[in-house]
Each structure stands twice: as structure tokens, then as C-alpha cells.
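Notes to accompany the following structure.
Every number in this text was worked out from the coordinates using simple rules, so none of it is lab data. The shown structure was predicted, so the numbers you read here are calculated from the model rather than taken from an experiment. All Cβ positions, glycine included, derive from the backbone under ideal geometry; neighbour counts span all protein chains shown.
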Amino acid sequence: MSREAILTSLVSVIQRLAAEGDPWGWPAAEIADIALRRWDSYGRRHPKTKRVSENARVLDLAKGLKAHFEPEVPYTHFSDWEHLAKTLAQALEEHDD
């Protein structure tokens, strides 16, 4: 699947979350781009990890999103970042297969 198709899928997920009451203060396309780059770079940033758990990747994604966007926000509880990361990870895992 192309990068553009994956980004479109992620944008849809973020927009669905916003419609359900989880509004994020940034454009969905920007969040999707950062999430995909973080997801794709996991192996390079953790080269010695042999068995990668889903939870480890979700936490890494949540940390990356928080690190990128948190300076712009007064404070967002980590569980909110984790919820976003978990939801995005489900979509990203579908494209990994």
C-alpha cells in the first residue's frame, strides 16, 4: 500500500476520533504524518529488539506524538496520547501485513 493511502487511512481514523469527542488541536494530516514516520522508524531506533510487542510499539508511538506536539499544548494526559496511539496502531498494523 502506498504512503499516501496509509496517510489517508490514518487521517480518517483521526477524524473519526474527533467526531466521537476526542478533538486534537492539530490538523489530522499532520498527526498522521508524524505517526507514520514514528511507526516506520521503530526498527531503526530499536535495532537490538528481537521480539517487538504491540504494547511497546504503541507506547513508543504515544511518546513520539507527545514529544512532537506537547510543546504546543499546556498539558495533555499521557492516557490521551496512549488512546490515540492505540487507535492509530490498529490502522498501521493493518497496513504492515
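Quick notes on this one:
- With a Förster radius of 35 Å applied to the beta-carbon distance between residue 41 and residue 18, the computed FRET efficiency rounds to 0.85.
- Whole-number percent relative contact order across the chain, with pairs defined as alpha carbons under 8 Å at least 6 apart: 35 percent
- Shape of the chain, Cα gyration tensor, a/c cut at 1.5: oblate
- Compared with the direct C-alpha span, the chain from residue 5 to residue 86 gains 27.2 nm at full extension, assuming 0.36 nm per residue.
- Trypsin sites (Lys or Arg not before Pro), loop per DSSP, at most 14 other Cβ atoms within 10 Å - longest free stretch of the chain: 1-47
- For segment 54-68, Karplus couplings with θ = phi - 60° (6.51, -1.76, 1.60), whole Hz, Gly/Pro x: 4, 4, 4, 5, 5, 4, 4, 5, 4, 4, x, 5, 4, 4, 6
- From least to most packed, judged by other beta carbons within 10 angstrom and beginning with the fewest, 11, 52, 58 follow the order 52, 11, 58.
- Listing 78, 69 from fewest to most neighbouring C-beta atoms within 10 Å gives 78, 69.
- Pairwise FRET efficiency - residue 29 versus residue 67, Cβ, R0 = 22 Å, nearest 0.05: 0.70
- The ellipsoid equivalent to the alpha-carbon distribution of segment 1-55 has semi-axes of 25, 13, 10 angstrom, derived from the gyration tensor eigenvalues as √(5λ) and listed largest first.
- Pairwise FRET efficiency - residue 96 versus residue 48, Cβ, R0 = 22 Å, nearest 0.05: 0.60
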